[in-house]
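The values are calculated or read from the model by the stated rules, or taken from the named source; none is laboratory data. Just so it is clear, the structure is predicted and the values come from calculations on it, not from any experiment. Methodologically, a virtual Cβ is constructed for each residue, glycine included, from the backbone with ideal geometry; neighbour enumeration extends over all protein chains shown. Ligands, DNA and RNA are excluded from the accessible area calculation, which covers all protein heavy atoms including side chains. Shrake-Rupley method; radii C 1.70, N 1.55, O 1.52, S 1.80 Å.
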Amino acid sequence: MSVRIGGQRPPLNVSWRRALSPTGNAGDAVFRGLMFFAALLILLIVGGMIVALAAKSMLSIREFGFGFLTSREWNPVKGEFGALPFVYGTVVSSLIALLISVPLSLGIAIFLVEQAPRSLARPITFLVELLAAIPSVVYGVWGIFVLAPFLRVHVEPPLARWFGWLPLFRGSITGIGLLTGGIILAIMVTPIISAVVRDVLSAVPNSQREAALALGATKWETTRVVLVNGAPGIAGAVILGLGRALGETMAVTMVIGNRAQISASLFEPSYTIASAIANEFTEATQDLHLSSLVELGLILFLVTFVVNGVARVLVWNVTRKTGTV
């Protein structure tokens with residue numbers, strides 16, 4: 001049923017256009033439909049991945065239940081599988097990476113936004129972001145031939161001598177282990193954290209800096225004001241870096257030692273979830289072994305999905321206040 005305008009029916013083509021788009025433009029309606037389909041496709045892909053991983057891991061879930069997360073045993077020959085050593089290695093290596101990279105990333109971002117002249121900030125920004133473009137396997141090769149020997153000779157022996165009374169710095173010194181994996185991760189996540197923190201600090205209005213300076217604050221005190229206002233976004237950047245560290249595979253696999261054990265020493269080899277999947281997936285011949293590896297992938301997927309979601313919310317909380325994205 002058409003609506004009369006001024007006592008006359010609108011042309012059929014006008015009614016058709018209005019049905020497709022409020023603006024009466026068929027092109028706008030087609031464009032809106034395509035964009036909606038693209039957004040919906042992403043949701044379908046994510047949902048499909050979760051469903052597929054859950055279906056393939058159902059055998060392991062039925063066999064071990066919640067005990068899969070608490071068991072230390074990983075023995076494909078006996079058919080015993082537990083994820084705790086991999087969860088431990090993933091969490092500890094990621095925490096080491098954050099302890100190293102967060103102060104470094106904050107320093108880089110503060111210098112580039114608050115201190116450095118534009119002529120110097122641009123090339124440094126390019127060099128820092130270039131680190132994110134280096135392939136993971138290149139970091140791994142560098143870790144094996146440069147970082148691991150350096151740690152074995154110059155870093156781990158002094159740590160064992162000075163802090164050997166702590167369980168963290170005991171054990172055999174080989175240069176391959178949790179500490180090396182954590183340092184590699186720190187180098188890899190530093191460009192990500194520093195880039196996001198730089199955007200967050202840039203989003204803080206200049207009026208806040210000018211107000212602090214007008215009240216007699218020093219440059220450092222003004223920077224502290226900026227950091228306080230950007231704290232939620234900085235937290236989001238850190239969590240975003242954590243998400244990257246949790247899922248990193250190749251570089252960590254090459255330097256962490258790949259031993260399914262839980263040890264308090266940072267010098268001992270360990271294993272991460274991503275490394276276990278990369279190493280054993282092609283060798284898994286038993287259905288239960290394959291299903292256990294898929295369940296590890298499901299756990300890692302859900303954890304990184306939640307971590308990245310929280311990070312985006314925290315960063316958005318800062319950028320929306322200034323109208324930036």
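For the range 57-90, the set of residues classified as under 21 Å from the mean Cα position of the chain (by Cα) and either at pLDDT below 90 or not in a helix (DSSP H, G or I) (or both) consists of 83 only. Within the range 99-151, the residues that satisfy the criterion of being more than 18 Å from residue 243 (Cβ to Cβ) and β-branched (Val, Ile, Thr) are 108, 110, 113, 124, 125, 128, 134, 137, 138, 141, 144, 146.
Is one or more of the residues making up the range 39-48 at pLDDT 90 or above, assigned by TED's automatic domain parsing to the domain that holds residue 243, under 20 Å from the mean Cα position of the chain (by Cα) and more than 18 Å from residue 290 (Cβ to Cβ)? No - not one qualifying residue is present in the range 39-48.
Out of the residues in the range 307-325 that are open to solvent by less than 30 Å² (accessible area, probe 1.4 Å) and among the aliphatic types (A, V, I, L, M), state the one that is modelled with the highest pLDDT.
Step one: of the range 307-325, the residues open to solvent by less than 30 Å² (accessible area, probe 1.4 Å) are 307, 311, 315, 318-319.
Filter once more, keeping what is among the aliphatic types (A, V, I, L, M): 307, 311, 315, 318.
On the way: 307: 82, 311: 75, 315: 70, 318: 61.
Filtering the range 307-325 for residues that are open to solvent by less than 30 Å² (accessible area, probe 1.4 Å) and among the aliphatic types (A, V, I, L, M), the one modelled with the highest pLDDT comes out as 307.
Just checking, does the range 209-230 include any residue being of a type in the set (Gly, Ala, Ser) and touching a residue at least 60 places away in the same chain (Cβ under 8 Å)? Scanning the range 209-230, I find at least one residue that is of a type in the set (Gly, Ala, Ser) and touching a residue at least 60 places away in the same chain (Cβ under 8 Å), so the answer is yes.
The residue pairs whose first member lies in the range 58-73 and is closer than 13 Å to residue 296 by Cα, whose second member is among the basic types (Lys, Arg) and open to solvent by 80 Å² or more (accessible area, probe 1.4 Å), and whose beta carbons are closer than 7 Å, counting only pairs six or more residues apart or on different chains, do not exist in this structure.
For beta carbons closer than 6 Å, sequence separation of 6+ or different chains, a first residue in the range 132-154 that is in a helix (DSSP H, G or I) and a second that is open to solvent by 70 Å² or more (accessible area, probe 1.4 Å) and at pLDDT below 90, the qualifying pairs are 136/250; 137/250; 140/250.
Identify, from the list 304, 282, 222, 253, the residue that is open to solvent by 70 Å² or more (accessible area, probe 1.4 Å) and either among the acidic types (Asp, Glu) or assigned to a helix (DSSP H, G or I) (or both). Before you say what the answer is, go through the steps one by one.
Working: 304 fails: open to solvent by 70 Å² or more (accessible area, probe 1.4 Å); 222 fails: open to solvent by 70 Å² or more (accessible area, probe 1.4 Å); 253 fails: open to solvent by 70 Å² or more (accessible area, probe 1.4 Å).
Answer to the check: 282.
Does at least one position in the range 167-177 carry a residue that is part of a helix (DSSP H, G or I), at negative phi and polar (S, T, N, Q)? No. Each residue in the range 259-276 was checked for being open to solvent by 40 Å² or more (accessible area, probe 1.4 Å) and among the β-branched types (Val, Ile, Thr), and 1 pass.
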